[in-house]
Amino acid sequence: MWIWTNHRSRRHWLALPALTPLVLLGSLANTACGDEEEAAVTPPPTAATPSPTRAEKAAEADSKTDESDAVYTYNAIGKRDPFRTYFAELEHEETEARKLSELQLFDLDQLRLVAVVVGTATPVAMVEDPTGKGHAVKVGTVIGKHWGQVKHIRRGEIIIQEEFRDFTGRRVTHLVPMKLPEEKEETAIR
């Protein structure tokens, strides 16, 4: 809403919506800085209470020391560790639920690919553990501590897919190739 005013022989258009906040602010300032004096609040008169005796004071001091001497002890039996993540507990329960094979006792870095047989309907590879024992693996064999699974057996290598959980709890898959070591050619002079 616009108002036409005459100020010192000048005509101005005043915007009423723009003036409204200024008027409200001025009225609040005026009421906040009023001249009224605040009434002094006096507490109601109380009956005279007798001062406690020495025996009563000693009894109060003893009860206060009994309360402050009480020590809280935390009993962790049957409760989960608050510093372990929930996902680690899930993973731990999953591993307990399944039985481990001999190949799952070792990391993939500790295992060595020794032989690969391809060209048949079911390709087979041989993996050697750190103790020197050989294990035949096919596609689908579980291998390694992280529940890796043999996905492909190709000429000279096998591909292992490992699944683990990241810090948010999502399952992440990781493909790990395991290759045959290259044979050193021996040159014999005859």
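Between Ala136 and Arg54, the simple label model (points 7 Å from Cα in the Cβ direction) yields a spacing of 9.8 nm. Applying 1/(1 + (r/R0)^6) with R0 = 41 Å to the Cβ-Cβ distance of Leu180 and Leu100 gives a FRET efficiency near 0.95. Indicate the gyration tensor shape class of the range 86-179 (rounded, prolate or oblate), computed on the Cα atoms with a ≥ b ≥ c the square roots of the eigenvalues: a/c under 1.5 is rounded; otherwise a/b larger than b/c is prolate and the rest oblate. Prolate shape, in that a/c is at least 1.5 and a/b is the bigger ratio. Here the extension length gained between Tyr86 and Tyr74 equals 2.3 nm, from 0.36 nm per residue of separation less the Cα-Cα distance. With 0.36 nm allotted per residue and the present C-alpha distance subtracted, the Lys145-Val124 stretch has 5.5 nm of extension available. The local environment of Thr85, defined by Cβ-Cβ distances under 10 Å, has a net charge of -1 under the rule Lys, Arg +1 and Asp, Glu -1.
Laboratory data are not the source of any read-out in this text; all were calculated from the coordinates shown. Worth saying up front: this structure is predicted, and the values here are computed from it rather than measured. A quick note on method: Cβ atoms are made from the backbone with ideal geometry, for glycine too, and the neighbour counts reach across all protein chains shown.
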